[in-house]
Amino acid sequence: MPKSTARTGGVTAPAITPTSTTAPGARSWRDYALLLALACCWSSTYPLTKIGLGSIPPVTFISARSLVAAAFLLVVLRLRGIRIPTDIKAWKLFAFQQTINSTIPFLVITWAQLYVPASSTVVLASTTPIFSFLITWAITRHEPASPLKFVGAVLGLAGTVAIIGLDALSGFGKEIVAEIAILLATVSFACATIFGLRLSDYDPMVVAAGSLLFGGTVLLPVALIVDHPWTLHPTPQALVATVVMGIFSSAFGLMLFYMCLTRLGTLTTNAQGYLRIPIGVALSVILLGESVPSNLALGLLLVMAGVAAMTIPGEAVKRWLGRLRR
């Protein structure tokens, strides 16, 4: 199995290239356990954001959580004896990845959550696998796009229409605009997942720390000018939500994201959206007391079915069909 040397900034460690790890035989239960852990980290993002936005403006909230996450990861890297790269090439990669994977989409989604319930946001933002498949099938072709995955994409898009379609009939207001904005942000997530393969030579924690540090630092001057954070009076719940999101959702989440990309490839990594939906909707109901309207429930089922169809191995489907014929 071919290997390459991972760049860690000061320490070199063996890293498996994406082409070698995305082979079905190279995957183990540990890889899928990482996928489940990633889903748990990211499913909490939208309910916690809703709590934070109660007293913290969007730009300040995103900058603060990014800097908290970066500080946490830099301390861990220091304890591990790993340095952040200082070369321009690495920081260009970190900057571009952070821009399309976090800064722009999370600014859009955080604004949208002022108008859209957290449970709806969870489902809409979990359509990343659908758009990742469409981009892979139509443009990059870096992974095989099977007919079953195409069926999954169609089901996922149908679920998206079910979620926003009924709202569109009642008028083109801020809620429908916000829901469309979430979908556009999700397309950015899909592009970031594909681009993220270029960062597989770096330690996942290094990539996460560098990206978050860049994102938080870039947004800090904007937050100071626009929000005047020294005049804010955040609630204890909002502060806790910011710190928990920084460490759990951002720091651990991004680190697990890059680990899954290297081990499982883009399409399977994006499948954590399938796991994220029920967890995120449940958290929205428990933490925020939100209800699940009929169109959201229908969309949730269609999106889950679509992402499941995109991630079930073709060999497993053939085995199941064979057993049914007996």
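Being under 23 Å from P278 (Cβ atoms) and either crowded, with 24+ Cβ neighbours inside 10 Å or of a type outside the set (D, E, K, R) (or both) is the requirement here; does L93 meet it? Give the steps one after another, and end with the answer.
Numbers: under 23 Å from P278 (Cβ atoms): no; either crowded, with 24+ Cβ neighbours inside 10 Å or of a type outside the set (D, E, K, R) (or both): yes.
When the stated conditions are applied, L93 does not pass them.
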TODO: For G52, work out the one condition from (1) buried (at least 24 other Cβ atoms within 10 Å of the Cβ); (2) over 12 Å from V244 (Cα atoms) it doesn't fulfil.
DONE: (2)
Open item on the list: Is it the case, given these coordinates, that T268 is crowded, with 16+ Cβ neighbours inside 10 Å, at pLDDT below 70 and touching a Leu at 6+ places or on another chain (Cβ under 8 Å)?
Closed with: no
Open item on the list: Among the residues in region 5-18, are any out of contact with any Lys or Arg (no Cβ under 9 Å at 6 or more places or on another chain), open to solvent by less than 30 Å² (accessible area, probe 1.4 Å) and either at pLDDT below 90 or in a loop (DSSP other than H, G, I, E, B) (or both)?
Closed with: yes
- [ ] Give just the number: which of (1) closer than 29 Å to L298 by Cβ; (2) without any contact (Cβ under 8 Å) to a residue 60 or more places away in the chain does K92 not satisfy?
- [x] (1)
Task: Enumeration of residues in region 195-210 that are modelled with pLDDT under 80 and buried (at least 24 other Cβ atoms within 10 Å of the Cβ) - done: G196
Open item on the list: Being buried (at least 18 other Cβ atoms within 10 Å of the Cβ) and under 16 Å from C191 (Cβ atoms) is true for just one of T127, T110. Which residue is that?
Closed with: T127
Task: Meets criteria (under 17 Å from S211 (Cα atoms) and among the basic types (K, R)) for K92 - done: yes
Task: helices (runs of 4 or more DSSP H) contained in region 198-301 and holding at least 1 residues closer than 24 Å to F131 by Cβ - done: 204-226, 253-264, 266-270, 272-288
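Against the condition more than 14 Å from V59 (Cα to Cα) and in contact (Cβ under 8 Å) with a residue 24 or more places away in the chain, how does V244 come out, does it pass? Write out each step before concluding.
Values: more than 14 Å from V59 (Cα to Cα): yes; in contact (Cβ under 8 Å) with a residue 24 or more places away in the chain: yes.
For V244, the condition - more than 14 Å from V59 (Cα to Cα) and in contact (Cβ under 8 Å) with a residue 24 or more places away in the chain - is met.
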- [ ] Select from region 211-251 the residues that are surrounded by 21 or more Cβ atoms within 10 Å (Cβ to Cβ) and not small (G, A, S) and write down the one among them that is nearest to I194 (Cα to Cα).
- [x] L212
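The values are calculated or read from the model by the stated rules, or taken from the named source; none is laboratory data. What you are looking at is a predicted structure, and each value in this text was computed from that prediction instead of being measured. As a convention, Cβ positions derive from the backbone with ideal geometry for all residues, glycine included, and neighbour counts pool all protein chains shown. Just the protein is used for accessible areas: all its heavy atoms, side chains included, with ligands, DNA and RNA removed. Shrake-Rupley method; radii C 1.70, N 1.55, O 1.52, S 1.80 Å.
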